[in-house]
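One structure is given here, and the rest of the page talks about it.
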Amino acid sequence: QVQLVESGGGLVQPGGSLRLSCAASGFTFSSYFMRWYRQAPGKERELVAVITNTSNRNYAQSVEGRFTISRDNSKNTVYLQMNSLTPEDTAVYYCNVIHLGRMYWGQGTQVTVSS
């Protein structure tokens, strides 16, 4: 079965950096687009970044130039490097894949940006 396990969240000061990881299993990872979403308190879940199976990337305007999505197909892992973090980036971050028409989510990892 499809499993997604995020890690790497935590508390960071404004201007700091974090790298999130999402370990995937249960499907042919290298063939699929992978996505990072986030959900802040009281807000809807929003798409942050997408990486295609050929490593093309797209970002939400709010993170463009600060976040980088990448993948390591040998490790079945997708990453989100987050730099120049602001309090507005505080959210639970989720990894996502659409497999056979169904959306799968990890459990999420909390990112808190605060001084």
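The values are calculated or read from the model by the stated rules, or taken from the named source; none is laboratory data. Computed from a predicted model, the values in this text were never measured in an experiment. Heads up, the Cβs are rebuilt from the backbone with ideal geometry, glycines too, and the neighbour counts pull from every protein chain shown. Quick note on the areas: whole protein, heavy atoms, side chains included, nothing else; ligands and nucleic acids left out. Shrake-Rupley method; radii C 1.70, N 1.55, O 1.52, S 1.80 Å.
Do the conditions hold for LEU20, that is, is it open to solvent by less than 30 Å² (accessible area, probe 1.4 Å), assigned to a loop (DSSP other than H, G, I, E, B) and touching a strand residue (DSSP E or B) at 6+ places or on another chain (Cβ under 7 Å)? So LEU20 fails the test. The residue that is nearest to GLN1 (Cα to Cα), among those in the range 44-67 that are assigned to a strand (DSSP E or B) and either open to solvent by 90 Å² or more (accessible area, probe 1.4 Å) or small (Gly, Ala, Ser) (or both), is ALA49.
Only one of the numbered conditions (1) modelled with pLDDT of 95 or more; (2) within 21 Å of ALA24 (Cβ to Cβ); (3) open to solvent by 60 Å² or more (accessible area, probe 1.4 Å); (4) in contact with a Phe, Trp or Tyr (Cβ under 9 Å, 6 or more places away or on another chain) is not met by ARG71, and that is (3).
Of the numbered criteria (1) under 16 Å from THR112 (Cα atoms); (2) surrounded by 13 or more Cβ atoms within 10 Å (Cβ to Cβ), the one PRO41 fails is (2). If you go through the range 90-101 and pick out every residue that is free of Cβ contacts under 8 Å to residues at least 12 places away in the same chain and not in a loop (DSSP other than H, G, I, E, B), you end up with 0.
Scanning the range 26-35 turns up at least one residue that is open to solvent by 40 Å² or more (accessible area, probe 1.4 Å), out of contact with any Ser or Thr (no Cβ under 6 Å at 6 or more places or on another chain), among the β-branched types (Val, Ile, Thr) and part of a loop (DSSP other than H, G, I, E, B). Might you check whether a residue that is out of contact with any Gly (no Cβ under 6 Å at 6 or more places or on another chain) and in contact (Cβ under 8 Å) with a residue 24 or more places away in the chain occurs anywhere in the range 57-65? For the range 57-65, residues out of contact with any Gly (no Cβ under 6 Å at 6 or more places or on another chain) and in contact (Cβ under 8 Å) with a residue 24 or more places away in the chain: present.
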